[in-house]
Amino acid sequence: MKRRITLATLALLIVITTAGTGYSFGVEFAAGAWKQSPSGKLGYEPLSASDILDLESDLNYQDETRFFGWIDIDMPLFIPNIYVMGTPMEFEGNGNKSFTWSGTTFTGSFYSKLTLNHLDVALYYGIPLLEKATFDTLNIDIGLNVRIFDLEVTATETSGTGVSETESATVPVPMVFLAVQIRPIEAFAIEAEGRGISISGNKGYSLIGRLRWNAVGPLFIAGGYRYDKYDIDEEDVILDADFSGPFGELGFSF
């Protein structure tokens, strides 16, 4: 059975394990929607350049809006802070082209689906005394992030033989994590997050820019833009693509 890790399950475990420490900690969490625009190429054990398909023109993947969520726990003492974010990504479409995937030849009309759900788990520290030195206007966080991909690629011929191929894998990828927050006034902040890695021929990075407004009490609203870039050759799947678009969030800070 394919292992799937959910944001809700991991967040609950984190809260349970830290609740008994006897120290106070801060928690922020939010849910939002991200409009994901795909661009790039996808192949499954390609034999030639014609077997690497364009996400837009060959696979006919369209923009998709998906919900996502995150929780950020400010830990006490010298324990690293914990930031968990779950991002569902799924695209499907119908095309008409001859190509070969994993030794299987598709001709004519076909259906395909790409699932690239992922969970980010970051352990980080803020730069000591930076907020106090800047009168609570600047904060920088640095740490390590693990992005756990739940990857699945499917192609099914809808005419002729009706052949089908599916490849799935769960792949953890370590990344560097960096976040910057500028707060010119108490109720408003400009935030940026970056995650990235280049290892064993696989490259990937994720950039998030966010404007945040603390509305009433613990409630905050935010909006921004996210850009993810992947160059992956893993488990016979070749993906050289980016996914980008605006997002909006609603959350609480305690």
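Worth pointing out:
- The Cβ shell under 12 Å around residue 123 holds other residues with a net charge of -3, Lys and Arg each +1, Asp and Glu each -1.
- Neighbour-count order for 34, 213, fewest beta carbons within 10 angstrom listed first: 213, 34
- Rounded to the nearest 20, the Cβ-based charge dipole of the chain about its Cα centre (Lys and Arg +1, Asp and Glu -1) stands at 660 debye.
- Mean separation of Cα pairs under 8 Å and 6 or more residues apart, divided by the residue count, gives region 129-217 a relative contact order of 24 percent.
- Among the lysines of region 20-159, pairs that are 8 or more positions apart or on different chains and have alpha carbons within less than 30 Å of each other number 5.
- Region 29-171 shape via C-alpha gyration tensor axes, a/c threshold 1.5: prolate
- Scanning residues 5 or more positions from residue 62 or on other chains, those with amide H under 5 Å from its amide H are 92, with H placed 1.01 Å from N in the peptide plane.
Values quoted throughout were computed directly from the atomic coordinates according to the rules given, and no laboratory measurement underlies them. This structure is a prediction, so every number in the text was calculated from the model and none was measured. Cβ sites come from the backbone with ideal geometry, for glycine too, and all protein chains shown count toward neighbours.
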